[in-house]
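The structure appears right after this line, and notes come after that.
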Amino acid sequence: MTVPSAASILVAVRKAALERTFQAKIRRAQERLHRAQNPQIIRMHRGEIQNLGIRMARAVGELEAHKQVSVSYEPVAYGLVQLRSAETQ
C-alpha cells in the first residue's frame with residue numbers, strides 16, 4: 001500500500017473544489033439555456049457551456065501536472081569558504 005504524498009492530497013482537494021465550482025457554473029448556464037427563447041441567446045449559452053467545459057479540463061490538467069513534479073538537486077557552483085577571526089587580520 002502506498003501512502004499518497006502531501007502534494008497528491010493537495011491536488012486532489014483543489015481538483016474537487018475546482019470541479020464543483022465549474023459544475024455549478026455549467027449547471028446555471030444550462031438552466032439559462034433551457035429558459036432562453038431567442039436563437040442568438042441559445043447559441044450564446046451553448047458556447048458558454050462549451051467554454052466552461054474546456055476551461056475546467058484545462059485547469060484540471062494543470063493541477064494534474066503539478067502532481068507529477070519531482071524534486072532533485074545538483075550543484076550549481078563550487079568554492080571554498082575561509083573564515084578568519086578579526087584578530088588575525
For this session: For helix 39-67, report the angle its Cα long axis makes with the longest principal axis of the Cα atoms of the chain; keep it between 0 and 90° and round to the nearest 10°.
Result: 20 degrees
Problem set entry | Between 0 and 90°, nearest 10: helix 6-35 axis offset from the chain longest Cα axis | 20 degrees
Seminar exercise, completed: Candidates for Rg and Dmax of the Cα atoms in Å are (1) 21.0, 56; (2) 25.8, 90; (3) 12.8, 41, and the calculated one carries label (2)
Seminar exercise, completed: Exposure-ranked with fewest Cβ neighbours within 10 Å first, I42, I49, I9 stand as I9, I42, I49
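Sorted from fewest to most neighbouring beta carbons within 10 Å, what does the list L80, L52, L18 look like?
Values: L80 4, L52 20, L18 16.
Final ranking by Cβ density, sparse to dense: L80, L18, L52.
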Problem set entry | Average Cα contact separation per residue, the chain, under 8 Å, 6 or more apart, as relative contact order % | 36 percent
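Each value in this text was obtained by applying a stated rule to the coordinates, not by laboratory testing. Bear in mind that the values here come from a model prediction, so they are computed numbers and not experimental data. So basically every Cβ, Gly included, is an ideal-geometry build from the backbone, and we count neighbours across all protein chains shown.
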